[in-house]
Amino acid sequence: MARLLLIEDDLAIRTPLIRALRERGHAVAAASTAMAGLRDALEDRPDLVVLDLGLPDLDGRELLRMLRAVSSVPVIVATARDDETEIVRVLDAGADDYVVKPFTAAQLDARARAVLRRSPGGGTPEPALVVGGLRVDPRSRQVTLDGAPVELTPREFDLLHHLAAHPGQVVTKRELLTEVWQIPYGGADKTVDVHLSWLRRKLGESAQDPRYLHTVRGVGVRLEAPRAAG
């Protein structure tokens, strides 16, 4: 049984959704404002937060940023804003997934279970991934390079983890959008490029002088261990 926190101000949505999710075996708490939701998330430590963007006291995206500064709890954003730009923004701000209103309790339940399976402790523990001197630990969400810690944002970690899970393979931008950003269509390649640029900088390399991240022009990117000198 998962403990969910629903941050939703619309009573007509909140009440039946709480009932339906409880019928599906979840323990559900609810808050109707952003600040009450932030307090409940920090004090009660739910397994997952479902966050509406249109809250009366604060935009949900701002609440997401505040929450991400102090917690790694998985967050599903519930929004009526269905354009690609807004979806990319909330995912880049740290959301793990999103659902577009109107949605059913069955849809939300399925997405919640999928997010919890991917989160640390949500299923069989994944082993750390090691590529050369790079170590990516999905359980602690920590990365080290030649033994030194590398500080990454949640999205940068997810990107590196996906690439490290496919060492030596060319991963397309479309696959990264689908698997990392959960966007099942093209059109946001620049988002991938920007995050790859940030990731390279933190790994101490560049596109012109790569060590681990190699761009395959027109196809995607490949992560592999540096070749030994000589």
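The values are calculated or read from the model by the stated rules, or taken from the named source; none is laboratory data. Given the structure is predicted, the values throughout are model-derived calculations rather than measurements. Glycine also receives a Cβ, built like all others from the backbone with ideal geometry; neighbour counts cover every protein chain displayed.
Summary table
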quantity: Helices (runs of 4 or more DSSP H) contained in region 144-225 and holding at least 1 residues of a type in the set (S, T, N, Q); calculated: 173-179, 189-202
quantity: Count - residues of region 65-86 that are in contact with a strand residue (DSSP E or B) (Cβ under 6 Å, 6 or more places away or on another chain), of a type in the set (A, V, I, L, M, F, W, C) and farther than 19 Å from Leu42 by Cβ; calculated: 1
quantity: Only listed residue being touching a Pro at 6+ places or on another chain (Cβ under 8 Å), surrounded by fewer than 21 Cβ atoms within 10 Å (Cβ to Cβ) and hydrophobic (A, V, I, L, M, F, W, C), chosen from Ala69, Ala20, Ala29; calculated: Ala29
quantity: Options Asp40, Asp96: the member that is in contact with a Leu (Cβ under 7 Å, 6 or more places away or on another chain) and either at pLDDT below 90 or closer than 25 Å to Gly25 by Cβ (or both); calculated: Asp40
quantity: Residue count for region 26-80, restricted to those that are part of a helix (DSSP H, G or I) and either of a type in the set (Gly, Ala, Ser) or free of Cβ contacts under 8 Å to residues at least 60 places away in the same chain (or both); calculated: 21
quantity: Selected residue [crowded, with 17+ Cβ neighbours inside 10 Å and modelled with pLDDT under 90] from Val180, Val150; calculated: Val180
